[in-house]
Amino acid sequence: MRFMMMVKSTENQGPPPKELMDAMVKLTEEATKSGEMIGGGGLAPSAMGARVRLSGGKLTVTDGPFTEAKEVFGGYAVMELKSKEEAIERSKKFMELHEKHWPGWEGESEIRQLFSMTVEPR
């Protein structure tokens, strides 16, 4: 089963410490070698993004930053795992790295199972 894990936190906490980045690289390398990690990465600040909204039959585009958002997604991982419980355990390991290497950081990891869409070749 494939899962997407998305990390959310307040946006203006500054850059992550080098120790955290080094620990995340190690964790990612291990998960990639084992075949669990399909892909992932960090996201640029919301100031560099945009939102496209459909409401009342109209499309609107809003450029970032999204000041009304209390938390934003900062990164994601897509993993091939056996169960939701295994996804929770992997996410807990990731969050424990933040606790260890970035004291005072607060955030959450949202875990969602991915469903596959079959696309017919043209």
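The values are calculated or read from the model by the stated rules, or taken from the named source; none is laboratory data. As the structure is a computational prediction, the values presented were derived from the model and not from experiment. Cβ: placed from backbone, ideal geometry, glycine included. Neighbour counts: every protein chain shown. Please note that ligands, DNA and RNA were not included when accessible areas were found on the heavy atoms of the full protein model with its side chains. Shrake-Rupley method; radii C 1.70, N 1.55, O 1.52, S 1.80 Å.
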Exercise. Which one is least open to solvent (accessible area, probe 1.4 Å) among residues in the stretch 28-47 that are touching a strand residue (DSSP E or B) at 6+ places or on another chain (Cβ under 9 Å) and among the hydrophobic types (A, V, I, L, M, F, W, C)?
Worked result: Ala31
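To keep it simple, each residue is scored yes or no on (1) more than 23 Å from Leu114 (Cα to Cα); (2) at pLDDT 95 or above; (3) touching a helix residue (DSSP H, G or I) at 6+ places or on another chain (Cβ under 6 Å).
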| residue | (1), (2), (3) |
| --- | --- |
| Thr32 | no, yes, no |
| Pro45 | yes, no, no |
| Gly74 | no, no, no |
| Ser83 | no, yes, no |
| Lys92 | no, yes, no |
Exercise. How many residues does the stretch 56-72 contain that are touching a helix residue (DSSP H, G or I) at 6+ places or on another chain (Cβ under 9 Å) and surrounded by 13 or more Cβ atoms within 10 Å (Cβ to Cβ)?
Worked result: 5
Seminar exercise, completed: For Ser83, the lone unmet condition from (1) among the hydroxyl-bearing types (Ser, Thr, Tyr); (2) open to solvent by less than 60 Å² (accessible area, probe 1.4 Å); (3) closer than 16 Å to Met6 by Cα is (3)
Exercise. Looking at (1) open to solvent by 40 Å² or more (accessible area, probe 1.4 Å); (2) not in a loop (DSSP other than H, G, I, E, B), which is the only condition Met5 fails?
Worked result: (1)
For this session: Confirm whether Phe115 is in a loop (DSSP other than H, G, I, E, B), open to solvent by 50 Å² or more (accessible area, probe 1.4 Å) and farther than 18 Å from Pro15 by Cβ.
Result: yes
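From the residues in the stretch 8-27 that are part of a loop (DSSP other than H, G, I, E, B) and either in contact with a Pro (Cβ under 6 Å, 6 or more places away or on another chain) or exposed (fewer than 12 other Cβ atoms within 10 Å of the Cβ) (or both), which one is modelled with the lowest pLDDT? Write out each step before concluding.
Just the residues of the stretch 8-27 that are part of a loop (DSSP other than H, G, I, E, B), to begin with: 10-17.
Keeping just the survivors that are either in contact with a Pro (Cβ under 6 Å, 6 or more places away or on another chain) or exposed (fewer than 12 other Cβ atoms within 10 Å of the Cβ) (or both) gives 12, 14-15.
Working: Asn12: 79, Gly14: 82, Pro15: 86.
Among them, the one singled out is Asn12.
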For this session: Could you name every one of the strands (runs of 3 or more DSSP E) located completely within the stretch 36-104 that has at least 2 residues being in contact (Cβ under 8 Å) with a residue 60 or more places away in the chain?
Result: 72-80
